[in-house]
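Remarks on the structure that follows.
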Amino acid sequence: MNELLNKEPVKRVGESLKQFDPNLKILVLDTTARTAKDAANSLKCELGAIVKSLVFRSENDFLICLVAGDKRCSLNKLKKILNKKDVSMANADQVKENTGFSIGGVAPTGHLKKLNIIVDKSLNRFKYVYGAAGHPDCVFKITYDDLIKLTNGLEKELAE
């Protein structure tokens, strides 16, 4: 058994996946998935099929935007969706404190705190997408529809 699967953040994601669907498994990669490009190369899939979990801050609220690896999250679209002017990327400490994950391994599920999640509709181009699983070398494969259900995510146009 790979020792990465015993790391606490990876176990948290594994638990969340198992509760949702016992058939979902964490994949441990031979090469890093620290960036979307790295993950796509490791998995030999399209860059867009990689789910980037981006943590944003609005006043004292934090939320996660799940965006395709080949897209950028539009801050203007996000501000309109939230109906807030003050929206920015969370810093590394805020990401860790709210999700329990370090940047590079932020998963779409298994967070320490209950966070609202917005899923970019551009991910629905793919039958399967890959999300980080709590460590830069760990991912999981899931259908777009199941990603929405797993995260209880709100589908919106986020990409620019």
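Within region 12-71, the residues that satisfy the criterion of being of a type in the set (S, T, N, Q) and more than 18 Å from F101 (Cα to Cα) are Q19, N23, T31, N41, S42, S58, N60. For region 34-67, taking the residues that are in contact with a Pro (Cβ under 8 Å, 6 or more places away or on another chain) and modelled with pLDDT of 95 or more, the one that is surrounded by the fewest Cβ atoms within 10 Å (Cβ to Cβ) is identified as S53. On inspection, F62 passes the criterion of being among the aromatic types (F, W, Y) and farther than 24 Å from F126 by Cβ. Counting the residues of region 44-70 that are closer than 24 Å to I26 by Cα and not in a strand (DSSP E or B) gives 8. In region 64-86, the count of residues that are β-branched (V, I, T) and over 22 Å from D145 (Cα atoms) is zero.
Take the conditions (1) farther than 20 Å from D38 by Cβ; (2) in a loop (DSSP other than H, G, I, E, B); (3) at pLDDT 95 or above; A107 misses just one of them, which is (1). Does region 133-144 include one or more residues that are among the β-branched types (V, I, T), within 21 Å of T35 (Cβ to Cβ), surrounded by fewer than 21 Cβ atoms within 10 Å (Cβ to Cβ) and out of contact with any Gly (no Cβ under 6 Å at 6 or more places or on another chain)? Taking every residue of region 133-144 in turn, none turns out to be among the β-branched types (V, I, T), within 21 Å of T35 (Cβ to Cβ), surrounded by fewer than 21 Cβ atoms within 10 Å (Cβ to Cβ) and out of contact with any Gly (no Cβ under 6 Å at 6 or more places or on another chain). Taken over region 107-117, the residue count meeting the criterion of being over 14 Å from E8 (Cβ atoms) and crowded, with 23+ Cβ neighbours inside 10 Å is 2.
The residues of region 10-43 that are in a helix (DSSP H, G or I) and more than 20 Å from N152 (Cβ to Cβ), listed by number, are V10, K11, A36, K37, D38, A39, A40, N41, S42, L43. The residue of region 1-19 that is surrounded by the most Cβ atoms within 10 Å (Cβ to Cβ), among those that are under 11 Å from F140 (Cβ atoms) and touching a strand residue (DSSP E or B) at 6+ places or on another chain (Cβ under 9 Å), is V13.
Of the residues that make up region 135-152, is at least one among the hydroxyl-bearing types (S, T, Y) and modelled with pLDDT under 95? No, there is no match, as no residue in region 135-152 is among the hydroxyl-bearing types (S, T, Y) and modelled with pLDDT under 95.
A quick yes/no check of all residues on (1) hydrophobic (A, V, I, L, M, F, W, C); (2) touching a strand residue (DSSP E or B) at 6+ places or on another chain (Cβ under 6 Å); (3) farther than 21 Å from F20 by Cα:
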{"position": "V87", "(1), (2), (3)": "yes, yes, yes"}
{"position": "D93", "(1), (2), (3)": "no, no, yes"}
{"position": "G105", "(1), (2), (3)": "no, yes, no"}
{"position": "G110", "(1), (2), (3)": "no, no, no"}
{"position": "P136", "(1), (2), (3)": "no, no, yes"}
{"position": "K141", "(1), (2), (3)": "no, yes, no"}
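Restricting attention to region 75-99 and to residues that are under 15 Å from V55 (Cβ atoms) and hydrophobic (A, V, I, L, M, F, W, C), the residue that is surrounded by the most Cβ atoms within 10 Å (Cβ to Cβ) turns out to be V95. Take the conditions (1) in a loop (DSSP other than H, G, I, E, B); (2) without any contact (Cβ under 8 Å) to a residue 40 or more places away in the chain; (3) not aromatic (F, W, Y); E97 misses just one of them, which is (1).
The values are calculated or read from the model by the stated rules, or taken from the named source; none is laboratory data. Keep in mind it's a predicted model, so treat the numbers as computed, not measured. Backbone-built Cβ (ideal geometry, glycine too); neighbour counts: all protein chains shown.
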